[in-house]
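Written below as structure tokens is the structure these notes are about.
The values are calculated or read from the model by the stated rules, or taken from the named source; none is laboratory data. Being a predicted model, the structure only gives us computed values, none of them experimental. A quick note on method: Cβ atoms are made from the backbone with ideal geometry, for glycine too, and the neighbour counts reach across all protein chains shown.
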């Protein structure tokens, strides 16, 4: 289980510290510093003298071990070596993970882009091809220091934390607790129907915001949630809408995907369970980070009764979806 942040983890990470950290690697900053949208870590675009800007990522204390971060970096470099479009960290002094004033950080080349047009069938096929290649590399060997996707990690532990830490309004505690228990039982049954599968290294958080598109096509960013898991984990977040729309979208993605990798159709039993686990885990993530001063202003609704009313409603809707037959290939 991740650890609760006990105090402001980035209180001392001012602009001067960020620039000094970068210059400790032998680079010369030009003073330009642009904070980028990130809550879990702190990420900045940093201007350099006589060379392109870099992206600096300062890791949250207590989330990942050094070994887990380096394992992610190694996987990203492996994908890059196979010409799969990911943004790999830059090495200085023979390593990609650095420390300055107690902060761990890494630098990446700046690679911009726009959100993918997921209404375009050819864009979905293109993404499918790259994800198929990513999974082909991902199955070579598992992560050792990074986690494996389980119902316990993404579902049972978050619900237990939410209940035990008194986050629920008293008027909703019984409804949420009983509904979450029922939903998790259905999720466990869905995993049983999917059967045993070999977990592979996956991106883990492959939503459209982590895919940037240029005239040369897409590239993947932010493998911070890379884990061992089922291949469908990197596909389901690209699907949206009603059942007929998701079926068409999945067909188009798989047209490209299965040029390189084969999706076991039994994993389609996991599509709605994984969506439900992500919903549950999101509340847990907010709760763990609530002591970080950046979170209350960004998510003011989290502490409200209305938020938990909406969670109960959403779980009821997911419970119904978990009873439906899976999408068909």
Checklist entry - Out of curiosity, is residue 182 on the phi > 0 side of the Ramachandran plot and assigned by TED's automatic domain parsing to the domain that holds residue 140? => result no
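So that you can scan it fast, the table gives a plain yes or no per residue for (1) over 30 Å from residue 302 (Cα atoms); (2) assigned by TED's automatic domain parsing to the domain that holds residue 188; (3) out of contact with any helix residue (DSSP H, G or I) (no Cβ under 9 Å at 6 or more places or on another chain); (4) surrounded by fewer than 18 Cβ atoms within 10 Å (Cβ to Cβ):
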{"residue": "127", "(1), (2), (3), (4)": "yes, yes, no, no"}
{"residue": "135", "(1), (2), (3), (4)": "yes, yes, no, no"}
{"residue": "144", "(1), (2), (3), (4)": "yes, yes, no, yes"}
{"residue": "147", "(1), (2), (3), (4)": "no, yes, no, yes"}
{"residue": "160", "(1), (2), (3), (4)": "no, yes, yes, yes"}
{"residue": "168", "(1), (2), (3), (4)": "no, yes, no, no"}
Checklist entry - at positive phi and in the same structural domain as residue 314 (by TED's automatic domain parsing), is that true of residue 234? => result no
Checklist entry - How do the pairs read when you match residues in the range 314-325 that are under 12 Å from residue 176 (Cα atoms) and assigned by TED's automatic domain parsing to the domain that holds residue 278 with residues anywhere that are modelled with pLDDT under 95 and surrounded by fewer than 13 Cβ atoms within 10 Å (Cβ to Cβ), using Cβ under 8 Å and keeping only pairs 6 or more apart or on different chains? => result none
Next on the checklist: Name the residue that is nearest to the chain's Cα centre (by Cα), counting only residues in the range 176-185 that are more than 15 Å from residue 161 (Cα to Cα) and surrounded by 18 or more Cβ atoms within 10 Å (Cβ to Cβ).
Outcome noted: 183
Checklist entry - Can you tell me which residues in the range 284-301 are under 18 Å from residue 38 (Cα atoms) and part of a helix (DSSP H, G or I)? => result 284, 285, 286, 287, 288, 295, 296, 297, 298, 300
Checklist outcome for this item: Those residues of the range 257-267 which are part of a helix (DSSP H, G or I) and buried (at least 21 other Cβ atoms within 10 Å of the Cβ) amount to 257
Item to check | Residue match in the range 32-46 (condition: within 26 Å of residue 204 (Cβ to Cβ), in contact (Cβ under 8 Å) with a residue 40 or more places away in the chain, surrounded by fewer than 18 Cβ atoms within 10 Å (Cβ to Cβ) and within 16 Å of the chain's Cα centre (by Cα)) | outcome: yes
Item to check | Residue count, the range 110-125 (criterion: surrounded by 19 or more Cβ atoms within 10 Å (Cβ to Cβ) and either out of contact with any strand residue (DSSP E or B) (no Cβ under 9 Å at 6 or more places or on another chain) or in a loop (DSSP other than H, G, I, E, B) (or both)) | outcome: 2
Next on the checklist: Going residue by residue through the range 300-312, is there one that turns out to be at pLDDT 95 or above, crowded, with 20+ Cβ neighbours inside 10 Å and under 20 Å from residue 180 (Cβ atoms)?
Outcome noted: yes
Checklist entry - Just wondering, is there one or more residues in the range 195-205 that are at negative phi and in a helix (DSSP H, G or I)? => result no
Checklist entry - Across the range 212-249, what is the number of residues that are touching a residue at least 12 places away in the same chain (Cβ under 8 Å) and under 27 Å from residue 321 (Cα atoms)? => result 20
